[in-house]
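The block underneath contains the structure these notes are about, expressed in C-alpha cells.
The values are calculated or read from the model by the stated rules, or taken from the named source; none is laboratory data. These numbers come from a predicted model, not from an experiment. In this analysis, Cβ positions are derived from the backbone assuming ideal geometry, glycine residues included, and neighbour counts consider all displayed protein chains. Quick note on the areas: whole protein, heavy atoms, side chains included, nothing else; ligands and nucleic acids left out. Shrake-Rupley method; radii C 1.70, N 1.55, O 1.52, S 1.80 Å.
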Amino acid sequence: AQSVTQLDSQVPVFEEAPVELRCNYSSSVSVYLFWYVQYPNQGLQLLLKYLSGSTLVKGINGFEAEFNKSQTSFHLRKPSVHISDTAEYFCAVSRGGATNKLIFGTGTLLAVQP
Amino acid sequence: EAQVTQNPRYLITVTGKKLTVTCSQNMNHEYMSWYRQDPGLGLRQIYYSMNVEVTDKGDVPEGYKVSRKEKRNFPLILESPSPNQTSLYFCASSSTWDRVGEKLFFGSGTQLSVL
C-alpha cells in the first residue's frame with residue numbers, strides 16, 4: 001500500500017533562513033507526489049507536484065522539491081522564508097495517479113519567526 | 001471567481017441530531033470529495049463522487065452519507081452525529097478523477113463540534 005510519512009510535526013525557523021520539510025513515501029508502483037499548503041483558516045492549495053521527468057520540481061511562492069527515488073523522498077525546500085510562509089504543509093501520494101486515491105501525510109507546521 | 005463553497009463555517013451540535021454540511025463548486029468539476037482533518041492524522045477521505053449519481057466510500061466512511069444529485073453540489077450528511085465526529089471537514093473538487101496529477105480545489109473548511 002502507498003503511504004507518505006512526514007517526520008516533523010512542526011518546524012520553527014527564523015525569517016530569511018532556509019528550510020526543508022521532509023517527506024518520505026512508500027510505494028511499489030509508479031509514484032505521483034504532491035505538496036499542498038494550508039494557510040491559517042483556509043483550505044489546502046496545491047504548491048507543486050511531481051509526475052515524471054525532471055526530479056527537481058518548482059512550485060509557487062519560491063518553493064521547490066526534489067524527487068529522490070533511491071531514498072524514497074520528496075523533500076520541500078525554500079532558500080529564504082518569509083513570515084507569510086507560516087502554514088501547514090502536506091505531502092501527498094496518489095495511488096496509481098488517480099485523484100480519488102490521493103493519500104495525505106500528517107502535515108508539518110512551518111512556524112516562521114521574525 | 002472559481003471556488004468551492006462550504007457551509008456552515010462553524011457548527012456546534014449535540015449527539016444524535018442530524019445535520020448536513022453543504023458543498024458547492026462553480027467550476028463544472030466532475031469529481032468531488034469530502035475529507036476530515038484531525039491533529040496528528042492529517043486528511044482522511046470520507047466519500048468521493050466521480051460524477052452525478054456516482055459515489056464511493058473513502059477510507060473513513062462510517063457514520064456519514066453523501067449524495068450527488070447535481071454536478072455542482074455534494075452535501076455531507078451525518079444522520080446521528082457522535083463526539084468522535086468532531087473534526088475539521090473539507091470539501092474538494094477537481095475537473096476529473098482519472099487524469100494523473102489533477103489539481104484539487106478545496107473549500108475553506110467546516111469546524112464541527114459534537115457535544
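Taking the conditions (1) open to solvent by less than 40 Å² (accessible area, probe 1.4 Å); (2) without any contact (Cβ under 8 Å) to a residue 12 or more places away in the chain in turn, A:Phe104 satisfies each one other than (2).
Just for segment B:96-115: of the residues that are under 29 Å from A:Trp35 (Cβ atoms) and not in a loop (DSSP other than H, G, I, E, B), which one is farthest from the other protein chains (Cβ to nearest Cβ)?
Checking each candidate, the answer is B:Leu112.
Within segment B:67-95, take every residue that is in contact with a Ser or Thr (Cβ under 6 Å, 6 or more places away or on another chain), open to solvent by 10 Å² or more (accessible area, probe 1.4 Å) and not hydroxyl-bearing (Ser, Thr, Tyr) and give me the one that is farthest from the other protein chains (Cβ to nearest Cβ). Restricting to residues being in contact with a Ser or Thr (Cβ under 6 Å, 6 or more places away or on another chain), open to solvent by 10 Å² or more (accessible area, probe 1.4 Å) and not hydroxyl-bearing (Ser, Thr, Tyr), the top hit is B:Ile77.
Taken as a whole, the condition of being at pLDDT below 95 and crowded, with 18+ Cβ neighbours inside 10 Å applies to A:Tyr50.
Inside segment B:1-42, residues that are touching a residue at least 40 places away in the same chain (Cβ under 8 Å) and open to solvent by 10 Å² or more (accessible area, probe 1.4 Å) make up a count of 29. Across segment B:96-107, the qualifying residues are those that are open to solvent by 60 Å² or more (accessible area, probe 1.4 Å) and at pLDDT 85 or above, and the one among them that is farthest from B:Met32 (Cα to Cα) is B:Lys103. Can you pull out every residue in segment B:51-78 that is touching a strand residue (DSSP E or B) at 6+ places or on another chain (Cβ under 6 Å) and in contact (Cβ under 8 Å) with a residue 40 or more places away in the chain? Correct list: B:Arg72, B:Asn73, B:Phe74, B:Pro75, B:Leu76, B:Ile77, B:Leu78. Looking only at segment A:8-34, residues that are at pLDDT 90 or above and more than 12 Å from every other protein chain (Cβ to nearest Cβ) come to 15 in all. Applying the condition of being assigned to a strand (DSSP E or B) and open to solvent by 20 Å² or more (accessible area, probe 1.4 Å) to segment A:7-24 and asking which residue is nearest to B:Val100 (Cα to Cα) yields A:Asn24. Regarding segment B:54-68, can at least one residue be identified that is of a type in the set (A, V, I, L, M) and within 23 Å of A:Tyr89 (Cβ to Cβ)? Within segment B:54-68, one or more residues are of a type in the set (A, V, I, L, M) and within 23 Å of A:Tyr89 (Cβ to Cβ). Give the residue that is nearest to the other protein chains (Cβ to nearest Cβ), with candidates limited to residues of segment A:68-101 that are part of a strand (DSSP E or B) and open to solvent by 10 Å² or more (accessible area, probe 1.4 Å). Result: A:Glu88.
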